[in-house]
Amino acid sequence: MKVILLAENLQKKLSFSNKAISSKNQLPILSHVLLETKGEMLVLSSTDLEIGIEITIPCEIIEIGSVAVPARLFLEIANSLPQEKITLETIDGKLEISSKKTRTVLQSSSKEEFPLLYENKGGKVASFSNGSLRKTFGRILFAASVESTRPALSGVLLKRQGEQFVVVATDGYRLSLDMVPAEGKDEPFESILFPARFLREAIAIFENNDVSLFLSKENNQIIFEQNDTLLIGRTIEAEFPNYEKVIPTDTASKVLVDREALLRAVKACAIFAREAANIITFSLKNDAITVSSKSPSLGENTVEVEAKLTGEENEIAFNARYLLEALSIFQENDISFSMTGPLNPGVFRIEGNDQYLHLIMPIRK
């Protein structure tokens, strides 16, 4: 293999490629990035077997071929190169990286040792335009479980429902759900259960760009594609819980409240909650929510937040961490909180938006 390309293009693409490199992996080849020529492009591939990244870089191809080199070392070397044309050439099983005044030689491995990222992209099942990927999944992801003991709860469900997508995540203690318009006329599918990490990487890589989603049903693979970059992952093969049955169908009490004011109150009460099983209590009154926490060894804190109540006065207790994370994820300030009783889930919504909800299971005091 021998190619000529701009150092700045290699530097930028390598930093993306290294997102799929894990230093903890037991297979040495997975610490490598694969370089190979395809058409008129140099293709970089990396994987930790959970996700894979494939990136193409325009170049001048002198000789076709492929080589795998240590990814982090290669990135360090690339970042030290001057901003000019460089040559990558395989010589006697090694990769030579040269510019006008520099020459580096790296030990390498063959393409045959490197795992295949995907056989085919599958069918295009969804499109996300100009940043809508973050909008679709950004305020859902945090509700997925970080534990792997129940695989379904560590994922995010994307379900086609007419002209909309239903997006859901739950860890068994809280649940986030949104309904968003389905863009374009893509191939039909019933549902996809994404690994949460795969979506986090997708949002980071494709933050403000148009993205297409491909599904290979026979290989249980999912691929996000944006111009010269592919992010490859596998669907979670587990049954997602029946989320609809835990969403309350009626409301005994509902308050309209300012999110920032409520968040400040929860942060203040979380100080004492840390020493008392992390419990924070909401008391719904006619014109306020009283947020409180109590620690037998330290003391107690009570903060009153203005609110407009519809229905009966009520009281409910939650885990402070779940409240903090939920109230921090909202961008809007006008929110509502509703409940049916102290042993039933509490539901947060954005005022004026019937599509999104966040549900938290209560704590028995």
To the nearest 20 debye, the chain has a Cα-centred charge dipole, built from +1 on Lys and Arg Cβ and -1 on Asp and Glu Cβ, of 720
Pairwise centroid distance, computed over Cα atoms, of segment 152-179 with segment 127-145, Å:
11
Taking amide hydrogens as modeled 1.01 Å from N in the peptide plane, which residues meet the under 5 Å criterion relative to Ser108, leaving out close sequence neighbours?
Leu95
Top mean-square fluctuation among Thr102, Thr87, Thr340, Gaussian network model of the chain, C-alpha springs under 10 Å?
Thr102
In Hz, Karplus ³J(HN,Hα) per residue of segment 13-21 (6.51, -1.76, 1.60; θ = phi - 60°; x = Gly, Pro)
6, 5, 5, 5, 4, 6, 5, 9, 9
Dipole of segment 123-243, Cα-centred, from +1 at each Lys and Arg C-beta and -1 at each Asp and Glu C-beta, to the nearest 20 debye?
280
Within straight cross-link reach of Lys365, meaning Cα distance under 16 Å, which aspartates and glutamates are found once same-chain residues fewer than 8 apart are removed?
Glu275, Glu300, Glu315
Long-range share for the chain, i.e. C-alpha pairs more than 35 Å apart as a percent of all pairs, stands at 40
In whole angstrom, the spacing between the Cα centers of segment 1-75 and segment 244-283 equals 47
222 nm mean residue ellipticity, helices alone, for the chain (DSSP H n ≥ 4; -39,500 (n - 2.57); rounded to 500)
-5000 deg cm²/dmol
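Any read-out appearing in this document is the output of simple, stated calculations on the displayed coordinates, not a laboratory observation. Here the structure is a predicted model, which means the values were calculated and not measured. Glycine also receives a Cβ, built like all others from the backbone with ideal geometry; neighbour counts cover every protein chain displayed.
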